[in-house]
Amino acid sequence: PVDFSAAEHVEVPAKEGCFDHIFDSDEKSESNLSIIVVGASGDLASTKIFRTLFALFYEDRLPENFTIFGYARTVMTSEELRNLISRTLTCRIGQREKCNDKIERFLGRCFYHSGQYSSEEHFFELDSKLKEKEVGRLSNRLFYLAIPPNVTVDAVRCARRRASSENGWTRVIIEKPFGQDLDSSRELTRDIKQYLSEDQIFRIDHHLNEELVDNLLVLRFSNLVFEPLWSRNYIRNVQFIFSQDSRTDIQGRLVKFDDYGFIRDVMQNHLLQLLALFAMETPVSLDPEDIKNEKVKVLRSMRPVKLEDVVLGQYKGHIDSIAPTFTAATVFVDNSRWDGVPFMLIAGKALQSNRVEIRVQFRHVPGNLYNRKLGTDLDKTTNELVIRVLPDEAMYLKINSKVPGLGLRLDQTDLNLLYKSRCTPRGIPDAYERKLLDAIEGDQRSFIRSDELDAAYEVFTPLLKELERKKVAPELYSCGSTGPVGVHYLAAKHNVHYK
Ligand code: NDP
């Protein structure tokens with residue numbers, strides 16, 4: 001890394017810009033978009049961000065006039081950055097040679113500037129370089145902060161003061177973690193808001209924008225058949241499952257988690273977000289703010305998670321620590337729609353399957369004629385709706401039907417929508433592509449607002465503090481299983497079928 005410490009104190013005038021300008025379509029064609037990947041030398045940038053930007057370019061989803069700047073402390077030239085990222089680029093469809101031309105054109109728009117994250121001087125230099133590319137046009141700037149959290153506020157400050165757009169909008173994408181608990185999260189938000197307004201902040205949750213998550217809203221609000229069933233009257237319980245198999249773990253990032261990082265990362269972020277979308281009331285409109293208003297109401301209606309409703313697990317042979325690699329928690333939404341319905345959040349590594357799904361178990365049919373006649377187990381014949389986010393996006397409803405032939409036998413079959421069979425030859429866009437496009441378009445729908453973050457922390461912070469205080473040891477489980485035995489007891493306690 002270069003040492004620019006001496007340059008830290010150079011005085012440069014602060015910028016007075018307009019930060020939230022929304023363009024109409026005429027302006028759009030005249031505007032220039034600069035995307036600045038801060039932390040460009042890192043893992044996330046090279047494995048995800050540049051690839052995604054290329055995918056958007058490949059699909060002609062980036063504006064005509066765009067420039068990409070990598071920014072990090074590592075000293076390298078623009079050419080070296082291009083070499084670095086060209087190795088990661090692949091075409092969405094067709095042979096690689098068919099898109100060499102596109103790759104070249106894309107790389108021609110990529111540049112690099114080396115600097116410290118806390119140096120306003122270095123961001124000012126970046127600003128000059130950006131201006132060279134933006135000459136004569138309105139400039140919009142999107143900063144993607146792919147850096148560790150300890151330098152986030154510095155980078156926000158420098159970007160806002162020295163490198164924000166003077167005549168267009170400036171937006172900043174921020175990566176997890178957003179603090180460690182309610183207090184630190186609030187402090188981080190307070191610090192960032194010294195420099196940015198809420199609509200400039202895009203807190204990213206990678207799992208929130210999957211195709212089926214969007215489709216969840218379509219399912220509920222544009223089909224007459226589901227919404228009337230969407231309450232305690234018909235739904236017995238709901239499971240939100242985030243399961244990674246052993247393979248994932250071997251390549252995995254577990255070492256990055258602190259003691260209870262897994263709970264914060266997966267349960268409190270991804271799964272609570274899914275839950276809020278699942279359980280919210282009909283929003284006033286599809287406007288992102290209206291949707292978030294409803295999500296916040298769900299989160300604020302939740303009781304803080306109790307230790308007795310939590311199971312922690314660790315797969316056998318894991319590192320020598322008490323860090324859970326598995327967590328299950330039952331939570332409740334105390335409103336009239338969901339009173340008493342258990343929502344089970346389950347997240348684990350080194351499990352038997354790799355899946356992210358929502359499983360909705362319905363109540364049994366009152367006075368079911370067939371159960372009476374055939375003596376079938378009530379629970380085995382209740383309907384279940386499965387919304388599979390990953391892999392192979394799908395939605396299926398388990399229904400009972402008669403086994404064809406003589407005699408009367410019932411069987412469960414699936415009413416099935418497999419997304420693969422419906423999607424375009426180009427496939428379903430990666431979550432990151434949608435995220436970046438949303439941020440470019442100023443669509444906050446799938447990003448997390450600060451009051452959502454606050455409300456989510458309120459649900460989990462008391463539990464996290466108690467776990468830390470009591471140093472609760474996780475229960476061991478075998479790799480490739482469904483988790484520790486305790487999860488089955490917890491499920492049984494709330495009449496949930498977990499498999
Ligand atoms: P890296 O550890 O690769 O860091 C990114 C860059 O930040 C590095 O290349 C380095 O650049 C700089 N950096 C690293 N450590 C420090 C430090 N202590 N102080 C100042 N700068 C530092 O992180 P990732 O790219 O994996 O992730 C970036 C952010 O995104 C993190 O906050 C992470 O939590 C989050 N994230 C990452 C995911 C992933 O899949 N990788 C998934 C979800 C979130 P240089 O030395 O050149 O300045």
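The values are calculated or read from the model by the stated rules, or taken from the named source; none is laboratory data. In this text the structure is predicted, and so the values were computed from the model without any measurement. Glycine gets a Cβ as well: all are built from the backbone with ideal geometry, and neighbour counts include every protein chain shown.
Quick look at the numbers
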quantity	calculated
Residue match in the stretch 157-165 (condition: surrounded by fewer than 18 Cβ atoms within 10 Å (Cβ to Cβ), more than 17 Å from Leu436 (Cα to Cα) and of a type in the set (S, T, N, Q))	no
Of the criteria (1) modelled with pLDDT under 85; (2) surrounded by fewer than 17 Cβ atoms within 10 Å (Cβ to Cβ), which one Ala394 fails	(2)
Condition check for Glu80: assigned to a helix (DSSP H, G or I), within 15 Å of the ligand (Cβ to nearest atom) and either touching a residue at least 24 places away in the same chain (Cβ under 8 Å) or under 19 Å from Asn167 (Cα atoms) (or both)	yes
Residues of the stretch 42-77 satisfying the condition of being within 9 Å of the ligand (Cβ to nearest atom) and assigned to a strand (DSSP E or B)	Tyr71, Ala72
Candidate set from the stretch 290-322 (those that are modelled with pLDDT of 90 or more and basic (Lys, Arg)); member that is surrounded by the most Cβ atoms within 10 Å (Cβ to Cβ)	Lys295
Test for Pro148: is it at pLDDT below 95, within 16 Å of the ligand (Cβ to nearest atom) and more than 22 Å from Ala455 (Cα to Cα)	yes
Test: residue in the stretch 92-107 that is part of a helix (DSSP H, G or I) and within 15 Å of the ligand (Cβ to nearest atom)	no
Residues of the stretch 166-193 satisfying the condition of being among the acidic types (Asp, Glu), within 16 Å of the ligand (Cβ to nearest atom) and within 23 Å of Leu437 (Cα to Cα)	Glu175
Residue count, the stretch 338-375 (criterion: part of a loop (DSSP other than H, G, I, E, B) and on the phi > 0 side of the Ramachandran plot)	3
Filter result (part of a helix (DSSP H, G or I), among the β-branched types (Val, Ile, Thr) and either in contact with a Cys (Cβ under 7 Å, 6 or more places away or on another chain) or more than 13 Å from Ile346 (Cβ to Cβ) (or both)) within the stretch 468-499	Val485
Residue satisfying condition, being crowded, with 16+ Cβ neighbours inside 10 Å, touching a helix residue (DSSP H, G or I) at 6+ places or on another chain (Cβ under 6 Å) and at pLDDT 90 or above, within set Ala455, Ala439	Ala455
Subset of the stretch 276-298 that is part of a helix (DSSP H, G or I) and over 24 Å from Leu345 (Cα atoms) - its residue that is farthest from the chain's Cα centre (by Cα)	Asp290
Given (1) crowded, with 20+ Cβ neighbours inside 10 Å; (2) within 13 Å of the ligand (Cβ to nearest atom), index of the condition Leu142 fails	(2)
Cβ pairs under 7 Å, 6+ apart, first in the stretch 35-64 and over 17 Å from Lys176 (Cα atoms), second at pLDDT below 90 and of a type in the set (Phe, Trp, Tyr)	Thr52/Tyr432
Residue match in the stretch 337-352 (condition: surrounded by fewer than 20 Cβ atoms within 10 Å (Cβ to Cβ), within 18 Å of Val389 (Cβ to Cβ) and touching a residue at least 12 places away in the same chain (Cβ under 8 Å))	yes
Selection within the stretch 325-337 - in contact with a Phe, Trp or Tyr (Cβ under 9 Å, 6 or more places away or on another chain) and either farther than 21 Å from Lys499 by Cβ or not in a loop (DSSP other than H, G, I, E, B) (or both)	Phe326, Thr327, Ala328, Ala329, Thr330, Val331, Phe332, Val333, Arg337
Hits in the stretch 194-215 (condition: more than 16 Å from the ligand (Cβ to nearest atom), at pLDDT 95 or above and among the aliphatic types (A, V, I, L, M))	Leu196
